[in-house]
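A.B. asks: Once you've had a glance at the structure underneath, I'll fire off some questions.
The values are calculated or read from the model by the stated rules, or taken from the named source; none is laboratory data. Keep in mind the model is a prediction, meaning the values are calculated, not measured. Here the Cβ positions follow ideal geometry from the backbone for every residue, glycine too, while neighbour counts run over all protein chains shown. Heads up: the accessible areas ignore ligands, DNA and RNA and are worked out on the full protein's heavy atoms, side chains in. Shrake-Rupley method; radii C 1.70, N 1.55, O 1.52, S 1.80 Å.
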Amino acid sequence: MPMTLTILRYPDPLLQQPCAPVLVFDGELQSFSDSLYNAMRAAPGVGITAAHVGRLIRLVVLDLPELGGRKTYVNPEILSLSSDTMDHTEGSVCMPGMTETVTRPRSALIRYQNLDGSVVEEEMRDFAAICMQHEIDQLDGKFWVHRLSRLKRERLVKKWQKTGGG
């Protein structure tokens, strides 16, 4: 039975910690992935990492139509990024209501493992590529606001604090 997870709020220090690789692929991992998905849907969001709920392992759940719905990525890594970029509005389940435009590479070749441990390579484009880069940044301990200019980041954090966040 899936457990209820609590999403951390920025600037929780756990959001700045790099995550460890997943080494054990078992029913507990599947159950945790289900719980993570439920937390993301309730937030609501389209992507979440284990770090967002304080568990420092390399696990990402995305739910995007262009990926065919819910997909779990274990130990994802970027193999290559395109030189062409795109701007997209980003936010986080850890900072509800706060968004800002971020520029990232338009496509990414990634390698990851499924919940059974099998290795997969996948080319991601546009919104899916942006989401995966955003989540891998989080796994590396880099919260999305650190992709903003200092001025934009300070303005956004002030706005967040005024809403009672952080």
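A.B. asks: Kindly provide the set of residues from the stretch 76-91 that are open to solvent by less than 30 Å² (accessible area, probe 1.4 Å) and polar (S, T, N, Q), ordered by number.
C.D. replies: Scanning the stretch 76-91 gives a single hit, S82.
A.B. asks: A follow-up question, please. Kindly establish whether S83 is assigned to a loop (DSSP other than H, G, I, E, B) and over 17 Å from the mean Cα position of the chain (by Cα).
C.D. replies: In short, yes.
A.B. asks: Which ones in the stretch 129-159 are open to solvent by 20 Å² or more (accessible area, probe 1.4 Å) and outside any helix (DSSP H, G or I)?
C.D. replies: D140, K142, S149
A.B. asks: Now for a separate question. Looking at the stretch 1-25, which of its residues are open to solvent by 70 Å² or more (accessible area, probe 1.4 Å), more than 18 Å from the chain's Cα centre (by Cα) and not hydroxyl-bearing (S, T, Y)?
C.D. replies: M1, M3, L23, V24 - these are the residues of the stretch 1-25 that are open to solvent by 70 Å² or more (accessible area, probe 1.4 Å), more than 18 Å from the chain's Cα centre (by Cα) and not hydroxyl-bearing (S, T, Y).
A.B. asks: Could you grab me the full set of residues in the stretch 35-55 that are in a loop (DSSP other than H, G, I, E, B) and either without any contact (Cβ under 8 Å) to a residue 40 or more places away in the chain or open to solvent by 50 Å² or more (accessible area, probe 1.4 Å) (or both)?
C.D. replies: Once the filter is applied, which keeps residues that are in a loop (DSSP other than H, G, I, E, B) and either without any contact (Cβ under 8 Å) to a residue 40 or more places away in the chain or open to solvent by 50 Å² or more (accessible area, probe 1.4 Å) (or both), the stretch 35-55 yields P44, V46, R55.
A.B. asks: Residue under question is T4, and the condition is that it be touching a residue at least 12 places away in the same chain (Cβ under 8 Å) and under 13 Å from C131 (Cα atoms); does it hold?
C.D. replies: no
A.B. asks: Would you check which residues across the stretch 91-107 are more than 25 Å from F32 (Cβ to Cβ) and in contact (Cβ under 8 Å) with a residue 12 or more places away in the chain and list them?
C.D. replies: Result: G97, M98, E100, T101, V102, T103, R104, P105, R106, S107.
A.B. asks: I'd like to know if the stretch 43-59 contains one or more residues that are among the charged types (D, E, K, R), more than 19 Å from A108 (Cβ to Cβ) and touching a helix residue (DSSP H, G or I) at 6+ places or on another chain (Cβ under 9 Å).
C.D. replies: Within the stretch 43-59 (the criterion being among the charged types (D, E, K, R), more than 19 Å from A108 (Cβ to Cβ) and touching a helix residue (DSSP H, G or I) at 6+ places or on another chain (Cβ under 9 Å)), the answer is yes, since at least one residue qualifies.
Conditions (1) at pLDDT below 95; (2) charged (D, E, K, R); (3) touching a Lys or Arg at 6+ places or on another chain (Cβ under 7 Å); (4) closer than 24 Å to F32 by Cα, marked per residue:
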{"site": "D116", "(1), (2), (3), (4)": "no, yes, no, yes"}
{"site": "V119", "(1), (2), (3), (4)": "no, no, yes, yes"}
{"site": "E123", "(1), (2), (3), (4)": "no, yes, no, no"}
{"site": "Q138", "(1), (2), (3), (4)": "no, no, no, yes"}
{"site": "L151", "(1), (2), (3), (4)": "no, no, no, no"}
{"site": "L156", "(1), (2), (3), (4)": "no, no, no, no"}
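A.B. asks: Just name the residue that is farthest from G54 (Cα to Cα) out of those in the stretch 92-128 that are open to solvent by 60 Å² or more (accessible area, probe 1.4 Å) and touching a Leu at 6+ places or on another chain (Cβ under 6 Å).
C.D. replies: Looking at residues that are open to solvent by 60 Å² or more (accessible area, probe 1.4 Å) and touching a Leu at 6+ places or on another chain (Cβ under 6 Å), I get E123.
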